[in-house]
Each structure stands twice: as structure tokens, then as C-alpha cells.
Amino acid sequence: MRQHWTCAILLPAAVLLTTGCATRSWVRELVNKQEVEIDQRFAGVEKRLADDAQQIEGMGSRLQTVESSLTQTGQLARSAQAQAEEAAGRLSRLWGNRNKRDLVETLELRFGFDRWDLDDAAQTSLASLAKELQANPRLSVDLEGYADPTGTYEYNVGLSQRRVETVRRYLVEKGVELPRISSVGLGPIMTAGLPDEKKRRVTVRLMVQPD
């Protein structure tokens, strides 16, 4: 490229020499001046190209850094997901083992109409049950509260829960650890033909953890 610029300058100068319109010194000065300007222009172009190349190199370095960060983030996310799945699996196994219990004995504690206090017979049965639980740490107890269908459904659900809570509190007072007691109030029993006095109850299931 630089040679083309030089030829473009020398040819008119040679013509001037042959026609006698300029001196040799003037031609040399003109050529030198043009060559300096050309060198300066090329130097500017080369500098811009070098700057552009440096910027492109810097962008490539930043892209590599971003790609590395994304790779590390992906690895951390996969590791966290694997840990979460492992923890969920352990919890599922523990919960499943919790339900693998054998029924030892079933008791039914009866209650009066719209009442949730324990009569003497119920307290005697629960006192004996509490002694069994204290003597064998593998035992646990499930409590299910019920009511007859008289009244609104919402009220009877609350009544069944109060009955269960009374039994649970009695066992705790007798020294049974709270985690060994599972309790739920299931509301009214709607089964036809079953006397209401048999519906007003808490079913107590004594369970044992298998070896």
C-alpha cells in the first residue's frame, strides 16, 4: 500500500522535472513531505488496529472469566440439588420406617354427651397404659378422637380434638414422652346403626417398633 502512495507522488514529480517546471530540491522536499504524511497515516492506522486487537483480546479474556463463573455456578447448583435429593430420600426413609409398627393393643375410651373429661374407668385404663409405655421404650401410642353426629360438623371436629387432647395430656402427666404420642381429632362418626354412646370415644392404639 505504501509503495502505491509513493509511486503516485513520484510520477508527477518526474513529469515536473522533465518539463522544467520545478527544481530537483523542490521535488525531493515534496516527496519527503508526502512520505512523512504517509508514514504518519500508516502509523495512525496501525495504532488503531493494535488498539482494536487489544480490546478484542480483553473481551475474550472477560468472556473466558464469565464462562468459568457459569461453569462453577452450574457445578454448585448440581451439587446442591444432589444434596437436597439425598436429604429428601433420608427423610422419606425415616418417615416410612416410622410407620412400620405393629399393633399391640387397642382401647376405646368413652365420653359423655358433649363432654371431654375422663371418667374413672378411662383414667384407670390410661394409667396402666402409661406404665407399659414407660417400661418399654419401643412402644408408642396413636390416639384418634371421635364424636356423635349431633350438632354441626365443625363443632364435633373441635369436640373430638378436645377429647384427644385430654387423653394426650393425661399420658404426658404420667411421664410418657410427647414424641411417642400421635393424636388426631377426626370429627363425627356417621355410621348408621351404631349407637351414639359408642361414637363418643377416643380410640387408643398401642404400637411397637419392630426389631
Which residues in the range 100-129 place their backbone N less than 18 Å from a point set 7 Å from the Cα of D196 along the Cα-to-Cβ direction? 110-117
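Please state the shape class of the range 90-189: rounded when a/c is under 1.5, otherwise prolate if a/b exceeds b/c and oblate if not, all from the C-alpha gyration tensor.
Numbers: a/c = 2.40, a/b = 1.36, b/c = 1.77.
It comes out oblate by the Cα gyration axes.
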Per-residue HN-Hα couplings for the range 153-165 [Karplus 6.51, -1.76, 1.60; θ = phi - 60°; Hz; x = Gly/Pro]: 4, 4, 5, 5, 5, x, 5, 5, 5, 5, 5, 4, 5
For a quick check: with amide H placed at 1.01 Å from N, whose amide H comes under 5 Å from S183's, ignoring anything fewer than 5 positions away on the same chain? L143
Contour minus Cα-Cα distance for R138 and E57 (0.36 nm per residue): 22.1 nm
Quick one: 3J(HN,Hα) in Hz for the range 206-211, Karplus 6.51/-1.76/1.60 with θ = phi - 60°, rounded, Gly and Pro as x. 8, 10, 10, 7, x, 5
How do S128, S160, S140 line up, fewest other C-beta atoms within 10 Å first? S128, S140, S160
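Every read-out reported here was derived from the displayed coordinates using simple, explicitly stated rules and does not represent laboratory data. Fair warning: this is a prediction, and the values are worked out from it, not measured in the lab. So basically every Cβ, Gly included, is an ideal-geometry build from the backbone, and we count neighbours across all protein chains shown.
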